[in-house]
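Presented below is the structure to which this report refers.
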Ligand SMILES: NC(=O)c1ccc[n+]([C@@H]2O[C@H](COP(=O)([O-])OP(=O)(O)OC[C@H]3O[C@@H](n4cnc5c(N)ncnc54)[C@H](O)[C@@H]3O)[C@@H](O)[C@H]2O)c1
């Protein structure tokens, strides 16, 4: 049984990926600080390790076949507010983890990066195109890509995945992702907020598709994927935002019967990037399976049944801000590790 170590394992991607790996009979070591709680199942083939990715030591890598290094402060606004920490986690810790893994004899390392490192460009971009990382989050990803690819050799297979913007249901839900947020807004308020002028293009991908792809890499000959960068998504799922909004409205109407008007806001946003996904289709014979309508439908049904709610931890940046705020409040008010009681035993 192959043993896979995943960092950031209880996050939006991780909590879908870990379940898939267990279904496919892999053993999984899940490393996470659990900032968003423990979103993982209990399973005999799953070991959960609560630690920080900046503190990993070589003993963790014993018997590991592959590391999938998901850990990150995972969006642009969090990256701007927590700049230094974003570099520490998204760049430095992943670089260190890859080095440790290689030194410990791990054979494969996968870096889930992001198409956002292309920044904003007028022409369609592929893996050979110049990058244009504009935000702290994107720059940290780019630096991590550079460091980990330099470690690749015949005994250490390194693959970089530049994922499109993800959507769809996950046990650690994120409503700060475009399609998920549009779906929630339309479901809750009956109106879909959309930034003018709607012509901006962005690639989209279901979270189950990226997880499936990561599983596929575990069984792909290293000679095919070593030292390679793949854009993960499909040409067909490059959307103009106005098209995307129409798809979300159509899918919602089928379930709720509601017509959803669009609420335009902001000045025209000229930023746009259109990504080419030929390489992943041609080299790995892989294309995504799940459509936007599928993602919107599953989220809406879960919102309707109240299996899913827009709890504060579903907006990544706000949750990190809350954690930092409450950490201070608790430190200032606690006595002997307690808030209202006087001893731990009665707390
Ligand atoms: N979601 C997307 O649209 C998208 C798109 C492209 C790339 N990515 C990349 O995929 C990866 C996963 O993203 P996600 O959406 O699952 O993010 P997420 O925020 O849901 O998950 C990140 C996980 O990492 C954990 N974590 C953060 N810092 C840690 C630390 N120092 N030590 C241990 N654990 C820590 C958090 O507790 C969380 O469980 C990230 O690298 C992200 O940049 C995501």
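Quick note: the coordinates plus some simple rules give every number you see, no bench work behind them. As the structure is a prediction and not an experimental result, all values here were calculated from the model. Cβ sites come from the backbone with ideal geometry, for glycine too, and all protein chains shown count toward neighbours.
Things worth noting here:
- Over the stretch 1-99, the ratio between the Cα radius of gyration and 2.2 N^0.38 Å evaluates to 1.05.
- Normalised contact order of the stretch 1-80, rounded percent, pairs of Cα under 8 Å and 6 or more residues apart: 39 percent
- Computed from the alpha carbon atoms alone, the convex hull of the stretch 126-252 holds 142 Å³ per residue.
- Projected label points at residue 107 and residue 240, each 7 Å from Cα along the beta carbon direction, are separated by 4.8 nanometres.
- In terms of the mean number of neighbouring beta-carbon atoms within 10 Å, the peptides 230-238, 123-131 order highest first as 230-238, 123-131.
- Fewest-first ordering of 34, 187 by other beta carbons within 10 Å of each residue's beta carbon gives 34, 187.
- Of the peptides 311-320, 105-114, the order by per-residue mean of other Cβ atoms within 10 Å, starting with the highest, comes out as 105-114, 311-320.
- For the stretch 252-296, backbone nitrogen atoms closer than 16 Å to the point 7 Å from residue 132 Cα along Cα-to-C-beta are found at 269-276.
- Using a cutoff of 8 angstrom between alpha carbon atoms and counting only pairs six or more residues apart, the relative contact order for the stretch 123-249 works out to 34 percent.
- Net length available on complete extension from residue 259 to residue 338 is 23.4 nm, with 0.36 nm assigned per residue and the Cα-Cα distance removed.
- 222 nm mean residue ellipticity, helices alone, for the chain (DSSP H n ≥ 4; -39,500 (n - 2.57); rounded to 500): -11000 deg cm²/dmol
- Value of relative contact order over the stretch 173-310, rounded to a whole percent, pairs C-alpha under 8 Å and six or more apart: 39 percent
- Relative protection proxy for 275-283, 322-330, from highest mean packing down: 275-283, 322-330 (other beta-carbon atoms within 10 angstrom).
- Spherically averaged projected area of the stretch 79-190 from its Cα convex hull (nm²): 9.4 nm²
- Fewest-first ordering of 40, 81 by other beta carbons within 10 Å of each residue's beta carbon gives 81, 40.
- Which of 73, 335 has the fewest Cβ neighbours within 10 Å, and the rest in rising order: 335, 73
- Kirkwood hydrodynamic radius of the chain, from inverse mean 1/r over distinct Cα pairs, in Å: 21.1 Å
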